[in-house]
Amino acid sequence: MYKNYLFDLDGTLLPMDMRKFTELYLQALCRRFVPETGVDAKTLVKAVWNGAGAMARNDGMRLNSEIFWKTMNTVCNRDMRVFSDDFDDFYRNEFIEAKKGTGFTPYAKKTIDLLKSRGVRLIVATNPIFPKAATYRRIEWAGLNPNDFEYITVYDNCSSCKPNLNYYADICSFCGIKPEESLMTGNDVDEDMCASRLGFNTFLITDCLINRKNKDISVYRNGSFKDYYEFLLNQ
């Protein structure tokens, strides 16, 4: 049994049709903020995408949130950070529209309950491109409580993104854990399984598999979330 269990969120704990989720999310975002900010929909969507891209390239010198808002300001040609509280309100309310692009697996809660009963450490290692309000909401959609986890990566506590190995190294440093005593579980071959390069044990969830380069996944322990739960039962 491992001491530490790290979980990706989107497509792992929370089954997801990424294309549908993104479309619904951006539509809801524009309905709220085009009239509120005076920025047209095309520019607003471009700003969000550019912000996500800038966070993905973050060199670790600044928090992802700082990178995001700086990019938003540049693309929108105005100070968008004055709306940061409004964005949090959006994620607590209108963001619910994007839930239609997600699914549900009972094995997420079964797994977390099982691991909690064993007293191990639980971490949500989701790509930190969203603020706390958005990430906590998606955890709730998965039927889980954010309080189940001792650490959750969000855009204002991280300064890198997957698949940058600094992302995983920072988790180890912040939480005081060792990769070889940990299991990283996710659905993305590139972004989640790369943790093995730091010495993490891994499990690839195949229900919502993302394998952009058609890599041979047999090199990783893999299976459905049901398979994963049964794997843990036998540990």
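The values are calculated or read from the model by the stated rules, or taken from the named source; none is laboratory data. Remember, predicted model here, so these are calculated numbers, not experimental data. No Cβ is skipped: glycine too gets one built from the backbone with ideal geometry, and neighbour counts run over all protein chains shown. With ligands, DNA and RNA removed, areas are computed over all heavy atoms of the protein, side chains included. Shrake-Rupley method; radii C 1.70, N 1.55, O 1.52, S 1.80 Å.
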Original post:
Summing Lys, Arg as +1 and Asp, Glu as -1, what charge do residues with Cβ under 14 Å from the Cβ of Phe87 carry, Phe87 excluded?
Top reply: -2
**OP:** Calculate, in nm to one decimal, what Arg221 and Asn50 gain on full extension: separation in residues at 0.36 nm each, minus their alpha carbon distance.
**Re:** 58.1 nm
Original post:
More than 19 Å apart: what percent of Cα pairs in segment 1-127 qualify?
Top reply: 60
Subject >> Per residue accessible area in Å² of segment 148-235, where ligands, DNA and RNA are left out and the probe is 1.4 Å >> reply: 45
Subject >> Contact order relative to length of segment 88-235, as percent, for alpha carbon pairs under 8 angstrom and 6 or more apart >> reply: 18
**OP:** First measure r as the distance between the Cβ atoms of Asp88 and Ala169, then evaluate 1/(1 + (r/R0)^6) with R0 = 45 Å and state the FRET efficiency to the nearest 0.05.
**Re:** 0.95
Subject >> Over 29 Å (Cα to Cα) - which of Lys46/Lys100; Lys46/Lys226; Lys42/Lys132; Lys3/Lys162; Lys109/Lys178 fall in this group >> reply: Lys46/Lys226
Subject >> Diffusion coefficient, µm² s⁻¹, Stokes-Einstein with Kirkwood Rh over alpha-carbon pairs of segment 88-235 at 20 °C and 1.002 mPa s >> reply: 133
**OP:** For segment 40-48, just list the computed ³J(HN,Hα) in residue order, Karplus coefficients 6.51, -1.76 and 1.60, θ = phi - 60°, integers in Hz, with x standing in for Gly and Pro.
**Re:** 5, 4, 4, 5, 5, 5, 4, 5, 5
Original post:
Near Asn4, within a Cβ-to-Cβ distance under 11 Å, what is the net charge of the other residues, with Lys and Arg +1 and Asp and Glu -1?
Top reply: 0
Subject >> Cα pair distances in segment 87-149, grouped into 10 Å bins until the bin that holds the longest one, percent each >> reply: 19, 50, 26, 5
Original post:
Among 13-24, 77-88, 181-192, what's the highest-first ranking by average C-beta atoms within 10 angstrom per residue?
Top reply: 181-192, 13-24, 77-88
**OP:** Any chance you could give the angle, 0 to 90 degrees and rounded to 10, that helix 132-141 forms with the longest Cα principal axis of the chain?
**Re:** 50
Original post:
Quick one: length gained pulling Asn157 to Glu230 fully straight, 0.36 nm per residue minus the C-alpha distance?
Top reply: 23.0 nm
Original post:
Carbon and sulfur: what percent of segment 96-214's accessible surface (1.4 Å probe)?
Top reply: 46
**OP:** For Asp148, put the label point 7 Å out on the Cα→Cβ axis and report which residues of segment 188-226 keep their amide N under 17 Å from it.
**Re:** 205, 225-226
**OP:** Using label points projected 7 Å from each Cα along Cα→Cβ, tell me how many nm separate Ala41 and Arg78, to one decimal.
**Re:** 1.8
**OP:** Using the heavy atoms of the protein chains and a 1.4 angstrom probe, tell me the accessible area per residue for segment 92-135 in square angstrom.
**Re:** 43
